[in-house]
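The values are calculated or read from the model by the stated rules, or taken from the named source; none is laboratory data. Just so it is clear, the structure is predicted and the values come from calculations on it, not from any experiment. Reconstructed Cβ throughout: ideal geometry from the backbone, glycine too, with neighbour counts over all protein chains shown.
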Amino acid sequence: MPINLPGTLFHKAMKARKELAQILEQIISTRRCKKQVYNDLLASFMDEKAGLSDEQISDNIIGVIFAARDTTASVLTWIVKYLGENPSVLESVTEEQMSIIKGKQENGEEIGINWEDTKNMPITSRVIQETLRVASILSFTFREATEDVEYQGYLIPKGWKVLPLFRNIHHSPENFKEPEKFDPSRFEVVPKPNTFMPFGNGGPMHVLAMN
């Protein structure tokens, strides 16, 4: 482990991490005092069933934040690529967002796109979903069999680690017609269960970058 000497990048990183942990601890403390019901990642960590201390909660949140940074950057890169290769899709996305901005101008609202506006962007949302499917930035993950499972004549014993390959699922002709084609319109219909899992299928905590 690097020596924590002032002036080094490691020292700066550890200092920044400490500051981030303090901010998170303050947020956690505020939430405990308010006793409101939240349905988000932090709330799932704070649940009594999770059995985590405040320090452990902060550590988990920090880990997820850095993991989400990489996946988000990767998704944005692929979106730029696919929009560049599909001018008609880019035009549709542009028109959708410009329509929102125009509506704000007419209503005298602040110009720009914010988080609430994303709820009114079905075309943009489908582009993101199709990018996650085609690019499959998270190709696989690790899971553990909770019981004996027989699959196509093979036995997977309880306790064995399994490796779901999401890219194979997303590029299967059985799940998506012309799977290699970038076609956001396919998400006008909700995919069949367990055929679209860009970040796995692990419940409310599985990945921050889903949003």
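Quick look at the values:
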read-out	value
In the range 140-158, residue modelled with the lowest pLDDT [restricted to those that are within 24 Å of H170 (Cβ to Cβ) and exposed (fewer than 10 other Cβ atoms within 10 Å of the Cβ)]	F142
Every pair of residues 6+ apart whose Cβ atoms lie under 8 Å, when the first sits in the range 139-160 and is touching a residue at least 12 places away in the same chain (Cβ under 8 Å) while the second is hydroxyl-bearing (S, T, Y)	K158/T146
Near pairs, Cβ below 7 angstrom, 6+ apart or cross-chain, from the range 84-95 (free of Cβ contacts under 8 Å to residues at least 12 places away in the same chain) to any residue that is in a helix (DSSP H, G or I) and surrounded by 10 or more Cβ atoms within 10 Å (Cβ to Cβ)	L90/L83
Residue ID - modelled with the lowest pLDDT, chosen from residues in the range 159-211 that are of a type in the set (D, E, K, R) and in a helix (DSSP H, G or I)	R167
Check on L42, farther than 22 Å from L138 by Cα, modelled with pLDDT under 90 and not polar (S, T, N, Q)	yes
Hits in the range 41-83 - residues which are of a type in the set (V, I, T) and free of Cβ contacts under 8 Å to residues at least 40 places away in the same chain	I57, I61, T77, V80
Scope the range 121-152; condition among the aliphatic types (A, V, I, L, M), part of a loop (DSSP other than H, G, I, E, B) and touching a helix residue (DSSP H, G or I) at 6+ places or on another chain (Cβ under 9 Å); matching residues	M121, I137, L138
Residue in the range 85-138 that is surrounded by the most Cβ atoms within 10 Å (Cβ to Cβ), counting only those that are among the basic types (K, R) and under 19 Å from E188 (Cα atoms)	R133
Given (1) modelled with pLDDT under 95; (2) of a type in the set (S, T, N, Q); (3) in the same structural domain as S185 (by the TED database), index of the condition Q129 fails	(1)
Test: residue in the range 8-28 that is in a loop (DSSP other than H, G, I, E, B), without any contact (Cβ under 8 Å) to a residue 24 or more places away in the chain and either surrounded by fewer than 12 Cβ atoms within 10 Å (Cβ to Cβ) or in the same structural domain as L138 (by the TED database) (or both)	no
Residue count for the range 1-19, restricted to those that are at pLDDT 90 or above and either small (G, A, S) or touching a helix residue (DSSP H, G or I) at 6+ places or on another chain (Cβ under 6 Å) (or both)	1
